Amino acid sequence: MSTTADRSGTVIGVHEAAYLTGGPARVVDAAVAALVRAGRVRVTAPGELAAAAPARQEPVEAAVLDGIGTAGHRSIDTVRWRLVADPRITGLAHRLEEQGLLRRRLAPAARRGDAPAEVPTREGRRVIAALRTQHAGDDVWRVALDGPAAARDERLRAAIDPSGPTADVSRRADREALRRLAESDPATAAQRTWATAVGGGVLGLGVDAGGGDVSGVGDGGGGGGDGGA
């Protein structure tokens, strides 16, 4: 896990930074961005994820890979929901509190229902500002500190922000994959074009953005789809 130290010597990793700024869901987003960038998670459609290299190493990334599963695909929303209380992620809060960067708010019954349970301290906010300067050029850190929309890499945004403008990017990639298939195998391309008209969606065709076969990982396909969450 990437870490950095500020001028006071405080050492904080990208996952801790994500928790500090956005809680467990932001940690999932940052971990997914890192896994996609490393090629260990594939984006089969905007917001739809499949494990490409499920070997587990760092605990947070292992939790995210567990959330995605090894069969079929899962949506980013489902992965966030599955991991919101996972101790491998919520445990980050303890170290942040020990370092004086995070504090717990009032008990839920005494605060507004939509208010976060934990918020950065003054020192935490100072560290966040310093990290934004230090890691302005790193998309994973940008996601950790400022959310999915901060990623400049369209592929990373497509993984964690399915409602954003990257949906059009993914559709263009799908059309390009089908065009390449038509050049190499016109008969199969014609069949898949017909399947799109009947069932809708390139995932139903078995074509991903890279032109590979992803049959069985579309909606309802594979044991790891959202229907099994």
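The values are calculated or read from the model by the stated rules, or taken from the named source; none is laboratory data. The structure displayed is predicted, hence computed values, not measured ones. Using ideal geometry, Cβ is built from the backbone for each residue, glycine included, and neighbour counts are taken over all protein chains shown. Each accessible area value is taken on the protein alone, full model and side chains, heavy atoms only, with ligands, DNA and RNA left out. Shrake-Rupley method; radii C 1.70, N 1.55, O 1.52, S 1.80 Å.
Every residue in segment 131-159 that is free of Cβ contacts under 8 Å to residues at least 24 places away in the same chain and part of a helix (DSSP H, G or I), please.
Result: R132, T133, R142, A149, A150, E154, R157.
Those residues that are of a type in the set (A, V, I, L, M, F, W, C), open to solvent by less than 40 Å² (accessible area, probe 1.4 Å) and either part of a loop (DSSP other than H, G, I, E, B) or in contact (Cβ under 8 Å) with a residue 40 or more places away in the chain (or both), I need them from segment 54-63; list them, please.
The one that is of a type in the set (A, V, I, L, M, F, W, C), open to solvent by less than 40 Å² (accessible area, probe 1.4 Å) and either part of a loop (DSSP other than H, G, I, E, B) or in contact (Cβ under 8 Å) with a residue 40 or more places away in the chain (or both): V60.
Restricting attention to segment 36-44, does a residue exist that is assigned to a strand (DSSP E or B), open to solvent by less than 50 Å² (accessible area, probe 1.4 Å) and among the polar types (S, T, N, Q)?
yes
Does A85 satisfy the criteria of being modelled with pLDDT of 90 or more and in a helix (DSSP H, G or I)?
No, not satisfied.
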